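Structure record follows, encoded as structure tokens.
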């Protein structure tokens, strides 16, 4: 298949690239490298079936012709800086909402009609129903990131209805695994490398989190396309389990053989708009026969192991 | 109070202007006059408490200083061309989503923290639950208009959470009354004026619609602000009743004393993305003590009467 994948140099995008290339697809990748990492593509770039365009999705005239003869679009590009969204609200609007609009317009201009989209469990805001199913109550948004992802989902749905497209929208919990280079494991490892005796933790450490390993995520996304063929297909992606930030800290410290003093900033959430508990009902994706292979602990340790063996990613300018 | 009202020359905006001026408010109105009608402001423009800025909300540098010392924003400006949204998808993105972003940014820059927003029952897509309550299931969007309004609502909610603002979001059914100058009554009157013997009707005429009179709408919006003081206050606005397009045609024809042949285009909806039935659960707004004074038939006939007495609006370039 001819695939166009946006955000190809990101954590999620680059892992998909590896997997999709191994299945004999031809891939055009787009990434503006604002948070993506060209190092994640070092192998793929050697593959003649992969073509990288280092470009921004806001540059519509540049990206439009790239969609010619594409069978399916994996749209993973996004402003992934959830935590500091309030410092630069325009980023979510531009890199998420408007970028998604441009992707859809480029698809429409080239008669491409299938799109896979990475949304987020954050779209449920502070869900009343936990675990939260796909058909939960109409949510109230609590973050600019969640708000922009709802805007993207809604646009995609309206394009499916209006222009006869088909979409697979995945609401991810946090994804872990090789190349995961932001979030708490990355932050903690970086801090502990500088000072293994003290660890500053945002919130009270009791924030509950549900994590999915990137390999399980990829399997789910591919399987869902096979077994769900509606106009708009929406799936929660996560594991049927959760941990507290404190659990994760304990696994990390045990693995590193250290015992730092934990200094909590306090409060029940890490930052304004941080959701204290995203835990998704995954019955729908489980009904496709998919089953995650990694436990949350496996995921945390696999991520840690990747970071330990690839300390170059610690130097990213965030 | 110092009020800033966007879309002030529109059907809804201009009626609010009249009402709010009669309550001794000072109002800055903004309208790009793309669909608004300066004629609707002929009285208000004589009032020294009203100041009109004929400008587009996309011109952020122009609008930003207008928000200085404003107590509350009524954000009614929108691309109201629901039906032909598919012909120009960028309009909803720009005039609804991005314009709303600019309004919120202008508020933030000027420490304005209250906003009233006109959303739509279209955000429920094809609701499974009818009448549809505010907490209905997470919807799937079926129109670009609905999608953009969800994007706006979500942005407003995230700004409320992140920047300590307060919002009243109203999901309107179709609103009727003086100055209503699009939609079926307007279209039918125009057609019947040219040819009173034949009337072409989109769909099969059985499309169910719920209409609210603008006067009832204004009362509800003002009352809701008084009795609902959450960070984000969401209300359906409509009447506890509905009619079919055919009912409305019968009332109009009776009033005009004509009996045209009805020619239906067929199908259960007027156009792609037209929702065959928007009927909102209004228990929440009714709990504030608000009660609509106009029946749907009253609203249709009052609108008809306005059009008959103001035929100049028929010449609008749509």
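Among B:24, B:49, which is over 18 Å from residue B:181 (Cβ atoms) and modelled with pLDDT under 95?
Of B:24, B:49, the one residue that is over 18 Å from residue B:181 (Cβ atoms) and modelled with pLDDT under 95 is B:24.
If I ask for residues that are part of a loop (DSSP other than H, G, I, E, B), more than 13 Å from the chain's Cα centre (by Cα) and under 28 Å from residue A:154 (Cα atoms), which ones from segment A:211-241 would you list?
Hits for segment A:211-241 are A:228, A:229, A:230, A:231, A:239, A:240.
Quick check on residue A:27: is it crowded, with 19+ Cβ neighbours inside 10 Å and part of a strand (DSSP E or B)?
The answer is yes for residue A:27.
Name the residue, out of B:116, B:103, B:73, B:123, that is closer than 24 Å to residue B:229 by Cα, outside any loop (DSSP other than H, G, I, E, B), within 11 Å of chain A (Cβ to nearest Cβ) and touching a residue at least 24 places away in the same chain (Cβ under 8 Å).
B:123
For segment B:217-231, what are the residues that are buried (at least 21 other Cβ atoms within 10 Å of the Cβ) and either under 17 Å from residue B:298 (Cβ atoms) or touching a helix residue (DSSP H, G or I) at 6+ places or on another chain (Cβ under 7 Å) (or both)?
Hits for segment B:217-231 are B:217, B:220, B:224.
Just to be sure before I move on: is residue A:96 closer than 21 Å to residue A:183 by Cβ, under 19 Å from the mean Cα position of the chain (by Cα) and modelled with pLDDT of 95 or more in the structure I sent?
yes
Within 14 Å of another protein chain (Cβ to nearest Cβ), in a loop (DSSP other than H, G, I, E, B) and either modelled with pLDDT under 95 or buried (at least 18 other Cβ atoms within 10 Å of the Cβ) (or both), is that true of residue A:269?
Taking the combined requirement at face value, the residue satisfies it.
Suppose we filter segment A:136-166 for residues that are touching a residue at least 12 places away in the same chain (Cβ under 8 Å), assigned to a loop (DSSP other than H, G, I, E, B) and within 7 Å of chain B (Cβ to nearest Cβ); how many remain?
Of the residues in that region, 6 qualify.
Has segment B:209-216 got at least one residue that is modelled with pLDDT under 95, surrounded by fewer than 18 Cβ atoms within 10 Å (Cβ to Cβ) and in contact with a strand residue (DSSP E or B) (Cβ under 9 Å, 6 or more places away or on another chain)?
no
I'd like to verify a number: residues in segment B:179-210 that are in contact (Cβ under 8 Å) with a residue 24 or more places away in the chain and not in a strand (DSSP E or B), how many?
Residues in segment B:179-210 being in contact (Cβ under 8 Å) with a residue 24 or more places away in the chain and not in a strand (DSSP E or B): 22 in total.
If residue B:168 satisfies every condition in (1) surrounded by 18 or more Cβ atoms within 10 Å (Cβ to Cβ); (2) under 20 Å from residue A:105 (Cα atoms) but one, which is the exception?
Result: residue B:168 passes all but (2).
Yes or no: residue A:90 without any contact (Cβ under 8 Å) to a residue 12 or more places away in the chain, in a helix (DSSP H, G or I), out of contact with any strand residue (DSSP E or B) (no Cβ under 8 Å at 6 or more places or on another chain) and surrounded by fewer than 22 Cβ atoms within 10 Å (Cβ to Cβ)?
In short, yes.
Tell me, yes or no, whether segment B:60-69 has at least one residue that is out of contact with any helix residue (DSSP H, G or I) (no Cβ under 6 Å at 6 or more places or on another chain), modelled with pLDDT under 95 and part of a loop (DSSP other than H, G, I, E, B).
no
The values are calculated or read from the model by the stated rules, or taken from the named source; none is laboratory data. Here the structure is a predicted model, which means the values were calculated and not measured. FYI the Cβ positions are ideal-geometry reconstructions off the backbone, even for glycines, and counts take in every protein chain you see.
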